Amino acid sequence: MFATLSDRLADTFKNLRGKGRLSEADIDATAREIRIALLEADVALPVVKEFVGAVKERARGEEVSQALNPAQQIVKIVNEELVEILGGETRRLRYAKSGPTVIMLAGLQGSGKTTLAAKLAFWLKEQDKSPLLVAADLQRPNAVNQLQVNGERVGVPVFAPEPGNGVGDPVAVAKASVEEAKRTLHDVVIIDTAGRLGIDAEMMKQAADIRDATQPDEVLFVVDAMIGQDAVNTALAFQEGVGYDGVVLTKLDGDARGGAALSVASITGKPVMFASAGEKMTDFDLFHPDRMASRILD
Ligand code: GDP
C-alpha cells in the first residue's frame, strides 16, 4: 500500500535536487506534481487541495533553514503536512477511570471488524489487560462463531447469546456484557457490532442503540483501506449515524492505492488510532502518523 504514492513523491523530489534556490516556477511545478501524486493515490480532492495549498504557502514563505537545501526543505514540509492529514500526534486508547473500559467497533460488513476485534484483544492482553470479546453482530449467521474461533486463537473469552435462544437482541447482549465483565473482572470490553454490505439506516440505528446502552469509552470506526473513495463516504455516513472517536484502517497490506483511507482522518477530523496489515493476530498496532509519513517518504 502507498507504494505508488511513495515512488511518485520520490520522483518529484528528485527533480529538485541540486537546485540552489527555488523559484516561483519551481514551487508551482512541484506543487502540481504533488497534486498529481496524491490524486493518483486516490486521496480525496478536498484533502489534496488543502495539502497542496499548505505546501505551496510554506515553501514560498520559506521557513529557511540554513541546514537544509531546497529539496530537503520541501521534503520536510511534505512530511509535516502528511503527519497533519494523518491526524497529528499518535492517539492512544483512553481507558475508563473506573469499571471496565468499553470499546465498540462499528463499520461495514467485510471491513475486518471481527478479525480486528481479536487482534485488539490480543494487543490488549500484551498490555497486561484482561479483555472480554462481545459478539453483538447477530446479523450474519456465522459472525458469532467466527468471533469465537478468533477469540480462541488469542485466548480471550467471548460473551455471546446462548445458542438456541433465537436470534437474540444485540443491544441486550452488549449491555449484559458490561455487567458480565464487571462480575468476571475483565477490564476491557470489545463489542463487535453488525455491519451490512452498504450503508443502511437500520444498521446505523442498531449501532447507535448499542452505543447508547453501553456508553463506550471509545467508539472505533473500522474501514477497509482497499475500498477507495467509498472509505470517505462510509466514514462520513458513520460519523453522522453513530459517531466515533477514532478510525481503524484495515488491510493496509493490500496493494491498492490507499489514498482514500489516508483522507479519512482529515475529512472526519477523527484520528486514525490503529492499523491492521495482515491476517496474523500480530499484524496490528497503534497507528503512528509520523512513522507512516516517514514510510511514504522513505
Ligand atoms: P467483518 O465482516 O467486518 O467482521 O470482517 P472480517 O473480520 O470477517 O474480515 C473480512 C475478511 O477480511 C476476512 O476474510 C479477513 O480474513 C480479511 N481481513 C481482515 N483484516 C485483514 C487485514 O488486515 N489484511 C488482510 N489481507 N485481510 C484482512
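Quick note: the coordinates plus some simple rules give every number you see, no bench work behind them. In this text the structure is predicted, and so the values were computed from the model without any measurement. Here the Cβ is made from the backbone with ideal geometry for all residues, glycine too, and neighbour counts use every protein chain on show.
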task = Count charges around LEU39 for me, please; just the other residues with Cβ under 12 Å from its Cβ, Lys/Arg as +1, Asp/Glu as -1.
result = +2
ask   = Rounded to the nearest 5, what is the percent of antiparallel bridges among the DSSP beta bridges in the range 145-298?
value = 25
request  = Evaluate the relative contact order of the chain (contact order divided by residue number), counting alpha-carbon pairs under 8 angstrom at least 6 apart; express in whole percent.
outcome  = 26
remark   = Classified through the alpha carbon gyration tensor (a ≥ b ≥ c as square roots of its eigenvalues; rounded if a/c is under 1.5, else prolate when a/b is larger than b/c, else oblate), the chain comes out prolate
Rounded FRET efficiency, nearest 0.05, which uses the C-beta distance separating GLU126 from LYS76 and R0 of 35 Å = 0.55
ask   = What percent antiparallel are the DSSP beta bridges of the chain, to the nearest 5?
value = 10
query = Taking Cα pairs under 8 Å and at least six residues apart, what relative contact order does the range 15-111 come out at, in percent?
reply = 29
request  = Sort the following peptides by mean Cβ neighbour count (other Cβ atoms within 10 Å, averaged over residues), highest first: 107-118, 277-288, 252-263.
outcome  = 107-118, 252-263, 277-288
Calculated FRET efficiency for the pair ARG92/ARG140, C-beta based, R₀ 30 Å, to 0.05 = 0.45
ask   = In nm, to one decimal, how far is the THR282 label point from the LEU68 one, both placed 7 Å along Cα→Cβ?
value = 3.6
request  = Calculate the dipole size of the chain relative to its Cα centre from +1 charges on Lys and Arg beta carbons and -1 charges on Asp and Glu beta carbons; express the result in debye to the nearest 20.
outcome  = 380
remark   = Filtering GluC sites (Glu not before Pro) in the range 23-84 by DSSP loop and by at most 11 other Cβ atoms within 10 Å leaves GLU63
note = In terms of the alpha carbon gyration tensor, root eigenvalues a ≥ b ≥ c, rounded if a/c is under 1.5 and otherwise prolate when a/b exceeds b/c or oblate, the range 1-109 is prolate
inquiry  = Quick query: amide H of THR250 versus all other amide H atoms, modeled in the peptide plane; which residues come in under 5 Å with a sequence gap of 5 or more or a different chain?
reply    = VAL223, ASP224, ALA225, SER276
